[in-house]
1. Which shape class applies to region 91-130: rounded if a/c is under 1.5, otherwise prolate when a/b exceeds b/c and oblate if not, where a ≥ b ≥ c are the square roots of the Cα gyration tensor eigenvalues?
2. First measure r as the distance between the Cβ atoms of residue 232 and residue 184, then evaluate 1/(1 + (r/R0)^6) with R0 = 35 Å and state the FRET efficiency to the nearest 0.05.
3. Taking a spot 7 Å from the Cα of residue 149 along the direction of its beta carbon, which residues of region 14-40 have an amide N less than 15 Å from it?
4. Taking the Cβ-Cβ separation of residue 141 and residue 48 as r and a Förster radius of 22 Å, what is the calculated FRET efficiency to the nearest 0.05?
5. Determine, from the Cβ-Cβ distance of residue 220 and residue 78 and an R0 of 41 Å, the FRET efficiency 1/(1 + (r/R0)^6), rounded to the nearest 0.05.
6. Beta carbons within 10 angstrom, averaged per residue: use that to sort the peptides 126-133, 237-244, 86-93, highest first.
7. Residue 109 to residue 22: extension gain in nm, 0.36 nm per residue of separation minus the Cα-Cα distance?
């Protein structure tokens, strides 16, 4: 089954009562799932002659929020830097709804609840296929060099039309993801440079939502990617197959909601423990 875990942040905070209330009010009553913009990445191959400026060449400001660039005294310092041969990851916001594909009887031994909680919405397979749900392809550092879409974007994109390039980029960022949070991905830095009265300030933007080494493959993620400007995915009562609740009290409250508000009554099951 495909499970959408909802309001997991409340679960992490131990606010299951609040989580139950908002799922009933904002998902089940409105019959919709909110589309979230998630940061995904275009893997960019190194450019010939490109350099990576070492972090030690930046001096932190007093507030610790930015850094001011201080070049070395040697005027030829840039040319003496080694060529940057690493892949960089360019951030793109993707509007999507994520699902984890897993049999119900495997939830007990899975680690999904540690990150996303134990409150799940299970839509029917027919509904999800109609909305074009697709699997995420997980890449490793090595496989990036042979992935046909990523090779095409890096080597041939300039020969594509604007529409073809846009479609290629959308396919990569929508359904490509690192197999794990490997060091080069974690350390890939997008630098934001701002001119200020005293010179230039630099901010480092890194992907730090998960700890280094986090295994994305175990999520077995599937996605419905939406058009820009679409805020919700709407469904009907018949499209809900099951609601998974974290405990008996949440199960009672969700069943009570269905009894008072819905004609059709989906299964309401407790997360296995």
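1. Numbers: a/c = 2.55, a/b = 1.21, b/c = 2.11.
It comes out oblate by the Cα gyration axes.
2. Details: r = 36 Å, r/R0 = 1.04.
Calculated transfer efficiency: 0.45.
3. 40
4. Numbers: r = 20 Å, r/R0 = 0.91.
Efficiency, rounded to the nearest 0.05: 0.65.
5. Numbers: r = 45 Å, r/R0 = 1.09.
Calculated value: 0.35.
6. Put in order of decreasing packing, that is 237-244, 86-93, 126-133.
7. On the way: separation 87, 0.36 × 87 = 31.32 nm, distance 2.70 nm.
Result for the pair: 28.6 nm of gain on full extension.
Taken together, the values in this text are just the output of simple stated rules run on the coordinates, not laboratory data. On a predicted model such as this, the values are computed, not experimentally measured, just so you know. Here Cβ is always computed from backbone atoms with ideal geometry, including for glycine, and neighbour counts include all displayed protein chains.
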